[in-house]
Amino acid sequence: MSEGECSQLHSLIDKAETIVLCCHVNADGDAMGSMLGWAEVLRTMGKEPLMVAPDQYPDYLKWLPNQEKIVRYDKRKDYVDTVLKIADLVFCLDFNTLSRTEEMEEALKTSPAKKVLIDHHLEPDVDAVLTISHPEMSSTCELVFRLVWQMGLYERQGKHFAIPIYCGMMTDTGGFTFNSTRPEIFFIISQLLTKRIDKDKIYRNVYHNYSEHRMRLVGYVLCHKLVVDNERHAAFYTLTKSDLKRYHFIKGDAEGLVNMPLQIKGLKLSISLREDTERNNMIWVSLRSVDDFPCNKMAELFFNGGGHLNASGGKLQCTMDEAVEIVKRAIIHFEDTLK
């Protein structure tokens, strides 16, 4: 932030009595971490913000400190709508457009509260009085850390800030295996470790905390559902409602699965197609790549989505068979880049 923006942010927080923090649907570690971490900062400033998630968040994040204080919009719509009508300030964390909150979008649009966007995705499109958008950052959690450091508030923070911020940075970089080559990231990690967090336990809580059903689901996908196009260095797999039911799927069980095909030598692109468990003809698409293959461009052109160079997402409103054909067309469209 510039000095003026820093001063503006301080002023907005000081003057606000009712503050709401919100994240995107299907909240991941970065969305949850940035919301929980920023809420802790506001508490050290004498505020008591309301944290809102649009829908259910993954089971593997339910150990994070203070996550039990998060209100789900899909469960308490009337309450959140009422608070948004009287709110002074809304922080939009880890999304670049209000449509990422889906059912909550209209309530956010019509809220008279001033909005502050804190995000690291491309092309921010939120009507905010202050937009803090840096796509070059590894995560929104990294951005939150930098804000806190610049505002001179870091010394006041403890574990309840450091744990979710580290978790969000870790998950959005795949355990610091991508989008994390800048030395400043590891300076931030060193500072978070001064708060006596157990980084190894955080890793285990996220990546070694699955059910037996999740393990069997992974084996089933890799053995029976994975389609590899060796000529074009790409792979994809499908997860249907019947697959998910068979393996007792809960939210978060598919996390990280899309990265696994990239362990195949020479593979550049991996795509996951997963049917929504509640809605018909809704397919969630996840894309991961290595090197310079532009997942975000493919997501924009074929999957109504976007994201980062090596990690993007989208959705299709069609049958699974139709989605598979779209994936095949997308791979052929980008075959020169993949080769």
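The values are calculated or read from the model by the stated rules, or taken from the named source; none is laboratory data. Predicted model only: the values in this text are computed from it and were never measured. Note that each Cβ is placed from the backbone with ideal geometry, even for glycine, and that neighbours are counted across all protein chains shown. Ligands, DNA and RNA are excluded from the accessible area calculation, which covers all protein heavy atoms including side chains. Shrake-Rupley method; radii C 1.70, N 1.55, O 1.52, S 1.80 Å.
Descriptive notes on the structure:
- Scanning the stretch 263-289 for residues that are more than 24 Å from D321 (Cβ to Cβ) and surrounded by fewer than 18 Cβ atoms within 10 Å (Cβ to Cβ) yields Q263, I264, K265, G266.
- Odd one out for D94, checked against (1) buried (at least 21 other Cβ atoms within 10 Å of the Cβ); (2) touching an Asp or Glu at 6+ places or on another chain (Cβ under 6 Å); (3) among the charged types (D, E, K, R); (4) farther than 21 Å from G314 by Cβ: (4)
- Annotation: T101 fulfils all but one of (1) more than 21 Å from H10 (Cα to Cα); (2) out of contact with any Cys (no Cβ under 7 Å at 6 or more places or on another chain); (3) open to solvent by less than 50 Å² (accessible area, probe 1.4 Å); the unmet one is (2).
- Selection of the stretch 45-72 for residues being in contact with a Ser or Thr (Cβ under 9 Å, 6 or more places away or on another chain), touching a residue at least 60 places away in the same chain (Cβ under 8 Å) and not acidic (D, E) yields only L61.
- Taking every residue in the stretch 298-321 that is at negative phi and among the aliphatic types (A, V, I, L, M) and pairing it with any residue that is crowded, with 20+ Cβ neighbours inside 10 Å and part of a helix (DSSP H, G or I), at least 6 positions away or on another chain, the pairs with Cβ-Cβ distances below 7 Å are M298/A330; L309/C295; L309/N296; A311/C295; L316/A323.
- Counting only residues that are open to solvent by less than 10 Å² (accessible area, probe 1.4 Å) and among the polar types (S, T, N, Q), the stretch 32-65 holds 1 of them.
- Inter-residue pairs, beta-carbon under 8 Å, first free of Cβ contacts under 8 Å to residues at least 24 places away in the same chain and in the stretch 17-44, second open to solvent by less than 20 Å² (accessible area, probe 1.4 Å), 6+ apart: R43/P49
- Scanning the stretch 172-198 for residues that are surrounded by 15 or more Cβ atoms within 10 Å (Cβ to Cβ) and of a type in the set (A, V, I, L, M, F, W, C) yields F176, F178, I185, I188, I189, L192, I197.
- Test: residue in the stretch 150-163 that is touching a residue at least 40 places away in the same chain (Cβ under 8 Å), surrounded by fewer than 19 Cβ atoms within 10 Å (Cβ to Cβ) and basic (K, R): yes
- Filter result (under 16 Å from V90 (Cα atoms) and open to solvent by less than 10 Å² (accessible area, probe 1.4 Å)) within the stretch 1-31: L9, I13, A16, I19, V20, L21, C22, C23, H24, A31
- Subset tally (residues that are touching a residue at least 40 places away in the same chain (Cβ under 8 Å) and either under 24 Å from D253 (Cα atoms) or not in a helix (DSSP H, G or I) (or both)) for the stretch 184-208: 3
- Residues (of a type outside the set (V, I, T) and either modelled with pLDDT under 95 or surrounded by 20 or more Cβ atoms within 10 Å (Cβ to Cβ) (or both)) located in the stretch 112-123: A113, K115, L117, D119, H120, H121, L122, E123
- Checked against (1) modelled with pLDDT of 95 or more; (2) assigned to a helix (DSSP H, G or I), S272 passes all but a single condition, namely (2).
- Within the stretch 167-183, being closer than 11 Å to S138 by Cβ and in a helix (DSSP H, G or I) holds for G168, M169, M170, T171, D172.
- Identity of the residue in the stretch 230-262, open to solvent by less than 40 Å² (accessible area, probe 1.4 Å) and among the charged types (D, E, K, R), that ends up modelled with the lowest pLDDT: D253
- Some residue of the stretch 129-139 being open to solvent by 30 Å² or more (accessible area, probe 1.4 Å), more than 14 Å from the chain's Cα centre (by Cα) and at pLDDT below 95: yes
- Number of positions in the stretch 28-79 that are closer than 19 Å to L147 by Cα, acidic (D, E) and under 14 Å from the mean Cα position of the chain (by Cα): 1
- Cβ-Cβ under 8 Å pairs, at least 6 apart or on other chains, the stretch 78-93 side closer than 19 Å to L117 by Cβ and of a type in the set (D, E), far side open to solvent by 60 Å² or more (accessible area, probe 1.4 Å) and not in a helix (DSSP H, G or I): D88/E17; D88/K114
- Screening N304 with (1) assigned to a loop (DSSP other than H, G, I, E, B); (2) closer than 25 Å to Y57 by Cβ; (3) open to solvent by less than 50 Å² (accessible area, probe 1.4 Å) gives one miss only, at (3).
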